[in-house]
Number of protein chains: 2
Amino acid sequence: MNLSEAYAELLPVVEAEMRAILSASEPILARHYDMMQYHMGWLDADLRPAEAATGKRLRPLLCLLACAAVGGDPGRAAPAAAGLELLHNFSLIHDDIEDDSPTRRHRPTLWKLFGMPMACNAGDGMFSLAHGAFHRLGRHGVPAAAVLEALRIFGEMCTALTEGQFLDMAFEARLDVTVDEYFAMIRGKTGALFTAAPQLGALIGGAPADAVEAYRDFGAGLGRAFQLQDDLLGIWGDEALTGKSAASDILSRKKSLPVVYALGHPVVGEQLRRLYAGVPFDCADLPLVLRLLDAAAARGYVEAQVREAIVEAQTALAAARPFAVSEAHQVLGELLDSLVNRRS
Amino acid sequence: MNLSEAYAELLPVVEAEMRAILSASEPILARHYDMMQYHMGWLDADLRPAEAATGKRLRPLLCLLACAAVGGDPGRAAPAAAGLELLHNFSLIHDDIEDDSPTRRHRPTLWKLFGMPMACNAGDGMFSLAHGAFHRLGRHGVPAAAVLEALRIFGEMCTALTEGQFLDMAFEARLDVTVDEYFAMIRGKTGALFTAAPQLGALIGGAPADAVEAYRDFGAGLGRAFQLQDDLLGIWGDEALTGKSAASDILSRKKSLPVVYALGHPVVGEQLRRLYAGVPFDCADLPLVLRLLDAAAARGYVEAQVREAIVEAQTALAAARPFAVSEAHQVLGELLDSLVNRRS
């Protein structure tokens, strides 16, 4: 099994789980669930069946691969994988509301189409159903104690996610965010889900505690590498490949790591802070901001951080190897490589 | 023990649970939790300690009384009671955003004070922490199987709540809402929490399945009576007692049961629908709307529905009596009486 085979083999059962979960029990509730299905890419803006872009489904894949790696039947973990992906999508629905974002994956965001109140509540519905997914694990033969432990991990992950989102929004108004604070933010906002996904898969696969921890640490390293790579692409990515405008994260004044690092730089920090204090950015400032990031060697700093996160993930994966009984373990390494070498 | 003794004896432990749950683990997260604490009435608008109005804490009380009624230690159910109250408050935070409400309990709403994005996310945090509360049950000696079952009931309750909120918002744009649809809406929006609260208490108290069901049905009847009473007070309540303007639910065009019933009335329905189709209501229309509700005998119809709901609750309470081992059972009957006889 290689990575693309893993996608093809493992993900259809997760899609089926999610479709079963996001279906109305009564006709009067159809629209509530249709809104969620629109966000998932299964319906178009007129609520007719569609096949829109659905996102990468990385989190469910991590969960199922870790379950398979330790010798578990990945189908058993499908409800947990579905819960992770639904929770991720809940967070996107609310992020789009909170960030006032009009589009996602080249389509209008849920709130833009159905209004903020309905979209906010549809997000709440998906949040609740993501938890509900875990109660389907019992039908797949997962023991009650493991289901309860999975729900505990999942619940703490949700709390960490909202804490990360709080920090991300709080940073918007600040020019003195430290690198440590930045890492605390992404540990919640991106890291929580990436950490929990393989942790939950290994747990449901019946792995011993040491292995569950190793896969958790793997997810933490991978999630950090993924987010830092995102930060690099948001400034230096190829417009034609990312589908976003060049330096989009600078124009939106995002406190991504290159910017946080340069804002605190002893030489260029003060000038950069003056630019970031102005409202709004002049597009003409863009070359100057990029020059200041260069002068701070921000790109190299972040690239080094990516390498460090990759090493952390690889070390954790090696620690898990003694417990691994299937080639799925190998595919997790392949997944790590593909994410940090991506151009979009 | 009578009702006011029950309040005094049982609720402080729930407050302590909630305060423990809504506390930041790191200083950088303080403001995220302070926002939640402001909503709970524990902090003022400057985030200094306060003792603002906190709401009636009915749901935790129902939970603890049912636990005690079947012979359980009510302190064991405190985390579940805290989870119910936190979930209720999460729903208020998001309702205020979705309804664009500037005040609650005579104070600015959370979004009004801290902005919609932060308030929405603080609500999500509280939603997540409400689930987390149930994982504290284990420390109180509740067996894992009962914790898992409690989380399943709680999760389904959350989903029903978001479905009820969807219907409530969907009804705003409609003049043809049926009485059946209205009842489906309040079963989710108000009923879900009132139903789950005594059900969870009895479950955690170790009651047999029949008793858990009887207390659940008691909660369903009580919740319906409570909401219908609210509908009556929203139109015919005494301004001086409710603290709201007279006929406030008519001015806000709320699709409460008296209005839904009269909108579908064969004689006055058409005239009332024409009035409700106009935007905005003229205050001068108010006496006419009240006359049309009178002509439809809407008040008498809803009062009869309240009596029916009370009988349902009383019947369920009688069915639970054989399992009841403490005077807390009696207090539940007292609580029912107090709610349906309230004037505010």
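Residue check: B:ILE93 meets all listed conditions (1) more than 8 Å from chain A (Cβ to nearest Cβ); (2) in contact with a Gly (Cβ under 7 Å, 6 or more places away or on another chain); (3) touching a residue at least 60 places away in the same chain (Cβ under 8 Å) but one, namely (3). Residues that are closer than 22 Å to B:ASP46 by Cβ, surrounded by fewer than 24 Cβ atoms within 10 Å (Cβ to Cβ) and of a type in the set (D, E, K, R) do occur in region B:78-96. Scanning region B:313-342 for residues that are outside any helix (DSSP H, G or I), more than 22 Å from B:TYR261 (Cβ to Cβ) and in contact (Cβ under 8 Å) with a residue 40 or more places away in the chain yields B:ALA324, B:VAL325, B:SER326, B:GLU327. With respect to the conditions (1) within 26 Å of A:LEU161 (Cα to Cα); (2) more than 7 Å from chain A (Cβ to nearest Cβ); (3) buried (at least 22 other Cβ atoms within 10 Å of the Cβ); (4) of a type in the set (A, V, I, L, M, F, W, C), B:MET185 falls short on a single one, namely (1). Return yes or no: is B:GLN199 buried (at least 23 other Cβ atoms within 10 Å of the Cβ), polar (S, T, N, Q) and more than 21 Å from B:HIS329 (Cα to Cα)? Judged against the criteria, B:GLN199 is not a match.
Taken together, the criteria place A:ARG291 among residues that are of a type in the set (Lys, Arg) and modelled with pLDDT of 95 or more. Of the helices (runs of 4 or more DSSP H) that lie entirely inside region A:109-177, those containing 3 or more residues that are at the interface with chain B (Cβ under 7 Å from one of its Cβ atoms), touching a helix residue (DSSP H, G or I) at 6+ places or on another chain (Cβ under 8 Å) and under 18 Å from B:SER25 (Cα atoms) span A:144-172. Which of the numbered conditions does A:GLY115 fail, given that it passes all the others? Conditions: (1) under 20 Å from B:GLU163 (Cα atoms); (2) free of Cβ contacts under 8 Å to residues at least 24 places away in the same chain; (3) under 17 Å from the mean Cα position of the chain (by Cα). Only one criterion is unmet by A:GLY115, namely (3). For region A:29-53, give me each residue that is within 20 Å of the chain's Cα centre (by Cα) and loosely packed, with under 15 Cβ neighbours inside 10 Å. Across region A:29-53, the qualifying residue is only A:ALA53. For region A:55-69: of the residues being out of contact with any Phe, Trp or Tyr (no Cβ under 9 Å at 6 or more places or on another chain) and under 15 Å from A:ASN2 (Cα atoms), which is surrounded by the fewest Cβ atoms within 10 Å (Cβ to Cβ)? Among those residues, the one meeting the criterion is A:ALA68.
Within the set B:GLU239, B:GLU327, B:GLU213, the sole residue that is modelled with pLDDT of 95 or more and among the acidic types (Asp, Glu) turns out to be B:GLU213. Report, ordered by the first and then the second residue, all pairs with beta carbons closer than 6 Å, sequence separation of six or more or different chains, a first member in region B:120-138 that is at negative phi, and a second member that is of a type in the set (D, E, K, R). Note: pairs meeting the criteria are B:CYS120/A:GLU98; B:HIS135/A:ARG152.
Among the residues of region B:267-312, just one is under 30 Å from the mean Cα position of the chain (by Cα), surrounded by 18 or more Cβ atoms within 10 Å (Cβ to Cβ) and part of a loop (DSSP other than H, G, I, E, B), namely B:ALA296.
Does A:THR190 count as within 30 Å of A:GLY269 (Cβ to Cβ), part of a helix (DSSP H, G or I) and among the β-branched types (Val, Ile, Thr)?
Against the criterion (within 30 Å of A:GLY269 (Cβ to Cβ), part of a helix (DSSP H, G or I) and among the β-branched types (Val, Ile, Thr)), A:THR190 qualifies.
Here A:ARG104 meets the list (1) within 18 Å of the chain's Cα centre (by Cα); (2) surrounded by fewer than 24 Cβ atoms within 10 Å (Cβ to Cβ); (3) within 11 Å of another protein chain (Cβ to nearest Cβ) almost entirely, failing just condition (3).
Go through the residues of region A:61-68 one by one and say whether even a single one is under 30 Å from B:GLU98 (Cα atoms) and in contact (Cβ under 8 Å) with a residue 40 or more places away in the chain. Within region A:61-68, none of the residues are under 30 Å from B:GLU98 (Cα atoms) and in contact (Cβ under 8 Å) with a residue 40 or more places away in the chain.
Of the residues in region A:201-212, none is among the acidic types (Asp, Glu) and either in contact with a Pro (Cβ under 6 Å, 6 or more places away or on another chain) or at the interface with chain B (Cβ under 9 Å from one of its Cβ atoms) (or both).
Cβ-Cβ distances below 8 Å connect the following pairs, each with a first residue in region B:16-37 that is in contact (Cβ under 8 Å) with a residue 40 or more places away in the chain and at the interface with chain A (Cβ under 10 Å from one of its Cβ atoms), a second residue that is aromatic (Phe, Trp, Tyr) and part of a helix (DSSP H, G or I), and a separation of six or more residues or different chains: B:HIS32/A:PHE166; B:MET35/B:PHE114.
The values are calculated or read from the model by the stated rules, or taken from the named source; none is laboratory data. Everything quoted here is computed from the prediction, not taken from an experiment. Backbone-built Cβ (ideal geometry, glycine too); neighbour counts: all protein chains shown.
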